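Visitor: First the structure, which I've put down as structure tokens, then a few questions once you've had a look.
The values are calculated or read from the model by the stated rules, or taken from the named source; none is laboratory data. No experiment lies behind these values; they were computed from the predicted model shown. Here the Cβ positions follow ideal geometry from the backbone for every residue, glycine too, while neighbour counts run over all protein chains shown.
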Amino acid sequence: MLPNLTVRPAHVSDRNTLNELVKTIGPQCVVALSGGRAAIDTEQTLLAMQGDCVIGFVAWLQDEMQAVVVGLGVRDTHRRFGVATQLVNALTEHLRESGLRLLEVVVSCDRVGAMVVFESVGFRRLGRSVADCVTFEYRLWGRRNRADGFA
């Protein structure tokens, strides 16, 4: 665990910093949807901060009932300290409090670290797709002390 690590909602004023972070981490941190990369919207993004420095993010798209993670990334210098896990945990709490029921993510099979993060938080692996990706889901309602994320 990193000292002084906090997770907070992104603000419009964070847009340039977030775009630079995505460029630094690389395009693999943003999911491709419908033939193109998903746009990261600051209104649906949480940032991991160490002091004043943005070190990671998780972004999603949502409707009334469910959300899809469209981006997750942590600076190389801050990986393996639980930052991604804290971001995903904060996201699940935020979406649960918003009344959403389901969170999904599609992870490329070459992103083993991301798959480990989602499984460790309690996402259920649904299977591999044609595009050599794995789909995970997390049910947000009815969970209180269950390690597997399901009611």
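Visitor: So T92 clears everything in (1) surrounded by fewer than 17 Cβ atoms within 10 Å (Cβ to Cβ); (2) of a type outside the set (A, V, I, L, M); (3) within 18 Å of T135 (Cβ to Cβ) except one condition, right? Which one?
Guide: Evaluating T92 over (1) surrounded by fewer than 17 Cβ atoms within 10 Å (Cβ to Cβ); (2) of a type outside the set (A, V, I, L, M); (3) within 18 Å of T135 (Cβ to Cβ) leaves (1) as the failure.
Visitor: Separate question: Tell me yes or no: at least one residue of the range 36-58 is closer than 23 Å to R128 by Cα, at pLDDT 95 or above and surrounded by 13 or more Cβ atoms within 10 Å (Cβ to Cβ).
Guide: yes
Visitor: Something else about it: Would you confirm whether any residue within the range 61-73 is within 18 Å of T6 (Cα to Cα) and either touching a residue at least 60 places away in the same chain (Cβ under 8 Å) or over 11 Å from the mean Cα position of the chain (by Cα) (or both)?
Guide: No - not one qualifying residue is present in the range 61-73.
Visitor: Give the range 73-92 a look and list any residue that's within 20 Å of T42 (Cβ to Cβ) and either assigned to a loop (DSSP other than H, G, I, E, B) or touching a Cys at 6+ places or on another chain (Cβ under 6 Å) (or both), or say none.
Guide: G73, R75
Visitor: Considering every residue within the range 34-41, establish whether at least one is touching a Lys or Arg at 6+ places or on another chain (Cβ under 6 Å) and closer than 21 Å to H11 by Cβ.
Guide: Checked the range 34-41: no residue is touching a Lys or Arg at 6+ places or on another chain (Cβ under 6 Å) and closer than 21 Å to H11 by Cβ.
Visitor: A further question on this structure: If you scan the range 108-143, which residues turn out to be of a type in the set (F, W, Y) and assigned to a loop (DSSP other than H, G, I, E, B)?
Guide: F123, W141
Visitor: Those residues that are touching a residue at least 40 places away in the same chain (Cβ under 8 Å), surrounded by 13 or more Cβ atoms within 10 Å (Cβ to Cβ) and hydrophobic (A, V, I, L, M, F, W, C), I need them from the range 108-141; list them, please.
Guide: A114, V117, L140
Visitor: Here's a follow-up. Consider only pairs whose beta carbons are under 8 Å apart and that are at least six residues apart or on different chains; among these, list those whose first residue lies in the range 1-26 and is closer than 22 Å to R111 by Cα and whose second residue is part of a loop (DSSP other than H, G, I, E, B) and modelled with pLDDT of 90 or more.
Guide: Pairs found: M1/F81; M1/G82; L18/A10; L21/R75; T24/R75; I25/R75.
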